[in-house]
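To start, the structure itself, in structure tokens.
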Amino acid sequence: MMPGQRLQGCRSLHLNEDNGRFVLLAILILLYLLCGAAVFSAIERPSEQQAHGRWNGTLHNFSETFNISLQDLNSFLREYEAAIAAGIRADALRPRWDFTGAFYFVGTVVSTIGFGMTTPVTVAGKVFLIFYGLLGCAATILFFNLFLERIITLLAVVMKAVRERRIRNSGLLPPGIRHDFSAYSLPGWKPSVYHVMLILGISAITISCCASAMYTPVEGWAYLDSLYFCFVTFSTIGFGDFVSSQNAAYEYQSIYRVANFLFMLMGVCCIYSLFNVISIVIKQVLNWMLEKMSCLFCQRCNKANAFLGRRNAIRPGSKGRQNRGGQPPDSDGPCDSDTEGRRLSGEMISMKDLAASNKVSLAIMQKQLSESANGYPRTVCGSSRHNGFSGGVGALGIMNNRLAETSNSR
């Protein structure tokens, strides 16, 4: 569906595909928030009530023991809360506003982590933070986007090399093509979104586990608490209940602080990239849901939808069908919706299903394999940029364009 095309089941609401996707995503996020609130309320509410009961009992006992009124005691506690906000603790901690402490603070600002354990208290500091954070956050987001581009490029080069080797050793290509196959270098091949998501997920888990193994003995946290801290920090949520590198002194302090900085940098970049890839998969799911809802409401599904099977395999005879422009099957038409959509989405071609097909001759099968692997004839039509895996704004747009242009840039 084109972005400006109206959904058949939403004509009465005057919704096109983009608006329908936006409304559906908003509804799903609202439901997700309601479910999350219900779960956390059921889990955490009893513990909160117990903590309130224990604290009230402690206050009354202290008031009766030392003959201090609750009003005076609460005033003292308010002063202590203000001292905590200024970085004063009962235990000895590192200075908050020396150069290293200030550097740690600005790192949490521009990365949008914002632990909250250090905050400016002067008027000049608050005003400077507004302008400093405005420029710093924008520059850091750009850095994350450029990091994501390099990750996609690196993965594309590695995965393309593996795929070239697999196809070269498959034995299904004609001898002439096999000897000259490296010259084609798979120009139309795209890395699979799901493979990129898997690699980034494994990388994020590996970095988190290694960082947790460092934080557990150094900070004295439980390993599960360390993993929790890693996710909260790397995802830039930054609650502030656990904050690393805050004690006054550590054994091998310089090495630990450098390692802490590197783990945070790699973790934030990796999780940020993973979130962008997951958002593409979510967009694909939304497109599938819109298609199903359109078919459900209009009751006039095209018979072609019943033919939609695995998009990860070449369908026997699909090349023999005419495209939308009515062009012959072997012509280099402006667009083949099935093949071009698969290429732009980054999905791989199932060699097993292609080789097992008995509905095409060996010559046609070799021709399809060669064209699909090398990505030609490849003329991107105007509608190919409006599928579920192209377009977008900001990091999502960079991710989609990178997936569509990796082979051209290489």
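The values are calculated or read from the model by the stated rules, or taken from the named source; none is laboratory data. Since the structure is predicted, the reported quantities are computational estimates derived from the model, not experimental observations. Neighbour counts run over all protein chains shown; Cβ positions are idealised from the backbone, glycine included. Side chains included, ligands, DNA and RNA excluded: accessible areas come from the protein's heavy atoms. Shrake-Rupley method; radii C 1.70, N 1.55, O 1.52, S 1.80 Å.
Going by average Cβ neighbours within 10 Å, how do the peptides 239-249, 141-151 rank, with the highest at the top?
Details: 239-249: 15.5, 141-151: 17.0.
Ranked from most to least packed, the peptides come out as 141-151, 239-249.
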Exercise for the section: Set the Förster radius R0 to 41 Å, insert the Cβ-Cβ distance between THR65 and TRP97 as r into 1/(1 + (r/R0)^6), and round the FRET efficiency to 0.05. Expected result: 0.65
Practice task
Give the carbon-plus-sulfur fraction of the accessible surface of segment 18-90 in %, rounded to a whole number; probe 1.4 Å, heavy atoms of protein chains only.
Solution key: 65
Problem - Relative packing of 251-260, 210-219, 158-167, which averages over residues the other C-beta atoms within 10 Å, highest first - result: 210-219, 158-167, 251-260
Exercise for the section: Quick one: which residues, 5 or more positions from ASN247 or on another chain, have an amide H under 5 Å from its amide H? H modelled 1.01 Å from N in the peptide plane, none for Pro or chain starts. Expected result: ARG94
Exercise for the section: Show me 26-32, 263-269 ranked by packing, highest mean number of other Cβ atoms within 10 Å first. Expected result: 263-269, 26-32
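Measuring with a 1.4 Å probe in the full set of protein chains, what accessible area per residue, in whole Å², belongs to segment 18-90? Don't skip to the answer; put the middle values down first.
Working: 5900 Å² over 73 residues.
For segment 18-90, the solvent-accessible area averages 81 Å² per residue.
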Handout entry: Rounded to the nearest 10 Å², the accessible area of TRP97 at probe 1.4 Å
Key = 130
Fill in the blank from the handout: Stretched fully, the stretch from LEU134 through THR119 gains (0.36 nm per residue minus C-alpha distance, one decimal, in nm) 3.8 nm
Handout entry: Quarter of Cα convex hull surface for segment 18-90, i.e. mean projection, nm²
Key = 8.5
